[in-house]
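What follows is calculated from the coordinates using simple rules that are stated; it is not laboratory data. All values reported here derive from a predicted model rather than from experimental measurement. Positions of Cβ are backbone-derived with ideal geometry, glycine not excepted, and every protein chain shown enters the neighbour counts.
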Amino acid sequence: MMKFVKTFLVTVALGVFSMGVSAQAATVVIDPGHGGAGLEGVGAVYAPYVEKALTMDVATKLCDELNASGISTSMTRTTDTALSLADRAARAKSEGAKLLVSIHFNASGPHDKSGTEVWTSMAGNHYKVGSECGNQILANISALGLSNKGVKVRGGSRGDYYGVIRYGVAQGIPTIIVEHCFIDNAYDRSILESKGTAAFAHADAVGISTFLGSATGQALVNGTLDVSPATAVAGVPAATSVASSSLKANFSATDWQWLLSHWAYTGNAEAIISQVPLGDLQSLVSEHNKGNI
Ligand SMILES: [Zn+2]
């Protein structure tokens, strides 16, 4: 299996280079989440796990695996230092990144959540790249035995809620956050302990490589996919004439009202909703009803 995957990765990588990407540029920039001191620097903590160390461990192994297969990478940080979310995106830009992947592990207040999930931007082709790449990664992580909670989007008062996504997209780089599993959940932790961080890094690598070999991935790398700098609310029609009645029919009145309230800050929630695929809206509502959002 390992041999097959390695062969496949090399094949994909050769395809990437044949499309004229400079050997100096990092096709994929990997961001080990958190770093440095303080609550935000350390990230989630659940003995013996500390998120900032786990993210560095997985990110390093992921870069090694991608590099070995010929896919050029760079990391936003290689030491235990604090780095702002804007600087992470700026470093990705300076490396010529086509894709920014931020590595994280999750925890929840009540310690009752589990599973693997990916967050990405709501904006146009940034969503297309994020959801397609995210789903490839999630298919591989969930194969380790974790619940696949899907690719998610979250809006805030400034557009995309999560800063690294907002800044990445503003630099014209599709950005995803991979929340590998919940380190404060006994079941998820048993998977992490039994499979090891290398298995998570391998799942990420196969997912990223598979995505880069897809039609969307190739269009992203060769520059034919429009991922110009965007904000999640840019480009939304100003008029409120978006026909959403057919979409609305898929939801209960309560769920539809929640979707409208979720994007109310944009001033045109229906227009935003009409840009998000039905399946993603349904999983958003489903997660909301389970108390996860
Ligand atoms: Zn985190």
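As a calculated quantity, the FRET efficiency between Thr78 and Leu260 at R0 = 51 Å, using C-beta atoms, amounts to about 0.70. Among Asp31, Asp226, sorting on how many other beta-carbon atoms sit within 10 Å of each Cβ, with the fewest leading, yields Asp226, Asp31.
On a 27 Å Cα-Cα criterion, which of the cross-link pairs Lys113/Lys152; Lys93/Lys195; Lys61/Lys290; Lys52/Lys149; Lys61/Lys149; Lys113/Lys248 come out too long? Going by Cα-Cα distance, Lys93/Lys195; Lys61/Lys290; Lys113/Lys248 fall outside the 27 Å limit. Three principal axis extents describe the C-alpha atoms of region 73-169; from largest down they are 36, 34, 30 Å. Percent of Cα pairs in region 2-222 per distance bin of 10 Å, from zero to the largest separation: 9, 37, 39, 14, 1. The residues packed around Ala25, meaning those with a beta-carbon under 15 Å from its beta-carbon, carry a net charge of +2 if Lys and Arg are +1 and Asp and Glu are -1. Here r is the Cβ-Cβ distance between Asp87 and Ala143 and R0 is 45 Å; the resulting FRET efficiency, rounded to 0.05, is 0.85.
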